Amino acid sequence: MKIIILGPPGSGKGTVSERLATDFHLLHVSVGDLLRKEAKKDTALGKKISSYIDKGNLVPHRLAAEIAKKAIGRKKDFLFDGFPRSIDQARLIEDLDLDAVIYLDVPEKEIVKRLSGRLLDPATGKTYQLQYLPPPKNIIKRLVQRKDDTPKVIKERFKVYHQQTEPVIRYYQKKGVLAKVDGTGKPEEVYRRVKKAVKNR
Ligand code: AMP
């Protein structure tokens, strides 16, 4: 099974993807997580990637596609979380026979609220949300806010999303593989809707 999860920043892609990957035995490929890992390294590539992420911009499309393709290797069952994020990227994986593209629909107002309460565990790369997905008490002290979850960078990420990623949603809609899922409400409810949409395909 080959699945793509799309949606605006903070729409819950990571949370949904983690559970889907477990339930359907898929390799979970979060290009954002892979890029953050690479950005931590004190290398020329790491610095280059940080310069894009920290400003809320997309890294060059070929680099994102290379990382995504390298991660799946020869695997036939995988889930791309937050990839492709532009038409250029979508064209670079046109050869893949996709089973479903899930679009998590969440209004911008709700997302701004969610992002302001979002925290990252640098030890595991896992993301929590103070209201919807509270972290275990024993790890609270080590949690940090993502550098790109500040109001200025969030604004830029939304701009990039509208300009570059929304056309990808229309692209997959035309291909007949898109399932739009209401991403509002509790993580449990959202996941139930997503699972149903995947099963229906
Ligand atoms: P995310 O964790 O999915 O919110 O991604 C964090 C950041 O990583 C984005 O704001 C981009 O700078 C970068 N990124 C993630 N996925 C992609 C992608 N498919 N193409 C280009 N840049 C990406």
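The values are calculated or read from the model by the stated rules, or taken from the named source; none is laboratory data. Just so it is clear, the structure is predicted and the values come from calculations on it, not from any experiment. Methodologically, a virtual Cβ is constructed for each residue, glycine included, from the backbone with ideal geometry; neighbour enumeration extends over all protein chains shown. Surface accessibility is based on the protein's heavy atoms, side chains included, excluding ligands, DNA and RNA. Shrake-Rupley method; radii C 1.70, N 1.55, O 1.52, S 1.80 Å.
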Boolean, residue 79 is open to solvent by 10 Å² or more (accessible area, probe 1.4 Å) and more than 10 Å from the ligand (Cβ to nearest atom)
no
Looking only at the range 111-125, filter to residues that are at pLDDT 90 or above and surrounded by 15 or more Cβ atoms within 10 Å (Cβ to Cβ); which one of those is farthest from residue 72 (Cα to Cα)?
117
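Given the criteria away from the ligand (no atom under 14 Å from the Cβ) and closer than 23 Å to residue 182 by Cβ, does residue 112 qualify? Please lay out each step first, then the result.
Values: away from the ligand (no atom under 14 Å from the Cβ): yes; closer than 23 Å to residue 182 by Cβ: yes.
Criteria met by residue 112.
Residues are listed down the side, and each one gets a yes or a no for (1) at pLDDT below 95; (2) within 12 Å of the ligand (Cβ to nearest atom):
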{"position": "83", "(1), (2)": "no, yes"}
{"position": "133", "(1), (2)": "yes, no"}
{"position": "148", "(1), (2)": "yes, yes"}
{"position": "166", "(1), (2)": "no, no"}
Name the pairs: first residue in the range 27-52 and surrounded by fewer than 18 Cβ atoms within 10 Å (Cβ to Cβ), second residue basic (Lys, Arg), Cβ to Cβ under 6 Å, at least 6 apart or on different chains?
27/75
Conditions: (1) in contact with an Asp or Glu (Cβ under 8 Å, 6 or more places away or on another chain); (2) surrounded by 19 or more Cβ atoms within 10 Å (Cβ to Cβ). Residue 129 meets all but one. Number of the miss?
(1)
Quick one: how many residues across the range 62-92 are more than 17 Å from the chain's Cα centre (by Cα) and assigned to a loop (DSSP other than H, G, I, E, B)?
5
Residue satisfying condition, being among the basic types (Lys, Arg), out of contact with any Gly (no Cβ under 9 Å at 6 or more places or on another chain), touching a residue at least 40 places away in the same chain (Cβ under 8 Å) and away from the ligand (no atom under 12 Å from the Cβ), within set 19, 91:
19
Assigned to a helix (DSSP H, G or I), in contact with a strand residue (DSSP E or B) (Cβ under 9 Å, 6 or more places away or on another chain), at pLDDT 95 or above and surrounded by 12 or more Cβ atoms within 10 Å (Cβ to Cβ), is that true of residue 160?
no
